[in-house]
Amino acid sequence: MSRIFGVHLASKENSVAYIAIILSVLAILSVVFLISYGGKQAPEVSGRYITLTASGVAYGYPNQGLMYLFVNSTANNSSTALQNMESIVSRINSSVMPYLNGNASKIKTESYSLFKVYNSTNWEASEVIGVILPNVSNVNQVIGVLGKIDGVGIQSVQAQLSPSQFQSLLTLALQNAEQNATTQAQGIAGSGVPIQIQNITVEGYPIYYPLGLSSVPAISGGGGYNSSFFAGTTAVIRSVYVTYKIVG
C-alpha cells in the first residue's frame, strides 16, 4: 500500500493514480499562472483616468465531503438483478444516514441502468449514487462502513465547499480583487494622490478549485477499506475591471 495526497492506494492502482494526480496538479498550477501573470490587462492611463484589471483570491477549508458510489448486480433475470441492487442500495442508505443528520436529500441517484448482458442470458442492474456528507471529518468513517458492503464500489471522494462557505469566500475574493486594483491604481497615480472609483465590473465567473487534491480510487465492497482522507485547501478567485479618476 502507498499513500498519495493522504489517501492509501492499492499497488495495482498506483501508476494510474499517480498520472491522474500529476495531471490535476499541473492543471491547477496552470490556472494559478494564468491568473497571476497572463490574466492581467496592462493598466491604461488616459488623462486623469486609470483603467485596470486585478484579481483576488480567498482560501478556505471545505467542510463537506462528496462521494460517488457505484452499485452493480448481475442475475439470470432482470427482476432478481433489480431486487439485489435495491437490497444493496438499502444497506447504503441505512449505513450513511446517521452521517447525514437525517437528511435524505443528501443522497441522489446520478444514473441508473438495467440491461441484458451481451452474448449472455444474464441481466445487469447498476446505479451511480452521489452522497454529500455535511461534515467532511466523517469521510474516513463512511468509507470504512461502505467498504464492508458487497456490491458497492467507491468511485471517488472529494472535499467541497458548502453553499455558505462558497458565498463567504466569493465575497472575500471580490474584496481582495478590489483592494489589489486600488493598490495598483494608487501606485500609478502616486502616493497620497486622491483617487476615486468611477466604474467597476466583475469579470466572468468565479474560478473555484481545490488546492489539496483528495480522492480515492474505485474499490470493491465486502473487504473493508482503510483510508486517510485529507480535505486540503480550496481557493476561490474573482477578477474585476475598474476605472479610477485622479481627483487630486
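Restricting attention to the stretch 193-248 and to residues that are of a type in the set (Ser, Thr, Tyr) and at pLDDT below 65, the residue that is farthest from Ser137 (Cα to Cα) turns out to be Ser220. Being more than 30 Å from Val71 (Cα to Cα) and free of Cβ contacts under 8 Å to residues at least 12 places away in the same chain holds for only one residue in Gln186, Gln165, and it is Gln186.
Candidates in the stretch 118-136 are the residues that are without any contact (Cβ under 8 Å) to a residue 40 or more places away in the chain and of a type in the set (Ser, Thr, Tyr); of these, the one that is surrounded by the most Cβ atoms within 10 Å (Cβ to Cβ) is Ser120. The number of residues in the stretch 155-196 being exposed (fewer than 14 other Cβ atoms within 10 Å of the Cβ) and among the aliphatic types (A, V, I, L, M) comes to 1. Of the residues making up the stretch 81-115, those that are touching a residue at least 24 places away in the same chain (Cβ under 8 Å) and assigned to a helix (DSSP H, G or I) number 12. For the residues Thr183, Thr201, the requirement of being assigned by TED's automatic domain parsing to the domain that holds Thr234 and part of a helix (DSSP H, G or I) singles out Thr183. Before we move on, is Gly147 over 30 Å from Tyr61 (Cβ atoms), touching a residue at least 60 places away in the same chain (Cβ under 8 Å) and surrounded by 16 or more Cβ atoms within 10 Å (Cβ to Cβ)? So Gly147 does not fit the description; no. The residue of the stretch 84-126 that is nearest to Gln155 (Cα to Cα), among those that are small (Gly, Ala, Ser) and touching a helix residue (DSSP H, G or I) at 6+ places or on another chain (Cβ under 9 Å), is Ser126.
The values are calculated or read from the model by the stated rules, or taken from the named source; none is laboratory data. Predicted model only: the values in this text are computed from it and were never measured. Ideal geometry is used to build each Cβ from the backbone, glycine not excepted, and the neighbour counts take in all protein chains shown.
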